[in-house]
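The block underneath contains the structure these notes are about, expressed in structure tokens.
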Amino acid sequence: YIVIKAELLTLLIPSTQSFELSSTHHNKTTSEDINMLLSYSNLDKKEYSLLLMKYVDDKTSESTLFDELFDEVCEIFLKREVPKECGMIRKFLNTAIIECCVEKCVVCQGTGYLKTTDSIDKCPHCDGTGEFIYDDHVRSSIMGVKKNYFMKYKKEYESIIKKINTIENSALSKIGDT
């Protein structure tokens with residue numbers, strides 16, 4: 001099951017005629033169909049992985065994106081101070097990837113409401129919007145560190161977020177979705 005916005009999918013379809021065979025056993029768009037369409041867009045590996053992870057929900061692309069970004073993220077931390085604790089840069093990068101790619105609230109599944117046997121209440125994790133709210137407390141919780149530790153490196157974290165957003169904007173412009 002592949003989830004992708006319809007307007008994004010229509011932008012992925014090349015304007016020239018394609019003689020490639022698509023799967024004929026069902027009407028659903030497959031990962032192979034999306035890969036073929038994206039191959040015409042001259043995306044680099046980071047852009048490609050980010051689009052697959054965020055819009056097609058391809059779990060294998062997350063590790064590729066992580067690997068492609070890790071050296072650049074290490075350079076961000078080298079400009080100031082590298083955390084002495086083992087694996088901290090990995091935690092910052094993982095959390096930034098999650099924040100940039102997982103917009104739907106995981107608690108209410110994007111509905112904005114929590115149902116119990118007694119009531120239906122507005123979800124406190126997304127304030128009823130269906131989009132998860134990432135604040136500094138949530139970010140530090142995802143990382144498994146204390147909030148004051150996260151705050152020490154917040155500037156570097158924001159640089160990682162900016163880098164991922166730049167990659168996404170570049171990828172979207174290459175596929176014509178600006």
(Q) Under 8 Å between Cβ atoms, which residue pairs at least 6 apart in sequence (or on different chains) link something in the stretch 126-137 that is under 21 Å from Lys155 (Cα atoms) with a partner that is of a type in the set (A, V, I, L, M) and surrounded by fewer than 16 Cβ atoms within 10 Å (Cβ to Cβ)? (A) Asp136/Met151
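Determine, yes or no, whether Lys163 is in a helix (DSSP H, G or I) and more than 30 Å from Ser39 (Cβ to Cβ). Outline the logic, then answer.
Working: in a helix (DSSP H, G or I): yes; more than 30 Å from Ser39 (Cβ to Cβ): no.
So Lys163 does not fit the description; no.
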(Q) When you scan the stretch 133-143, do you find a residue that is farther than 25 Å from Lys59 by Cβ and open to solvent by less than 90 Å² (accessible area, probe 1.4 Å), even just one? (A) yes
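The values are calculated or read from the model by the stated rules, or taken from the named source; none is laboratory data. Everything numeric here is computed off the predicted structure, so don't read it as measured data. Please note: Cβ atoms are built from the backbone with ideal geometry, for glycine as well, and neighbour counts cover all protein chains shown. Heads up: the accessible areas ignore ligands, DNA and RNA and are worked out on the full protein's heavy atoms, side chains in. Shrake-Rupley method; radii C 1.70, N 1.55, O 1.52, S 1.80 Å.
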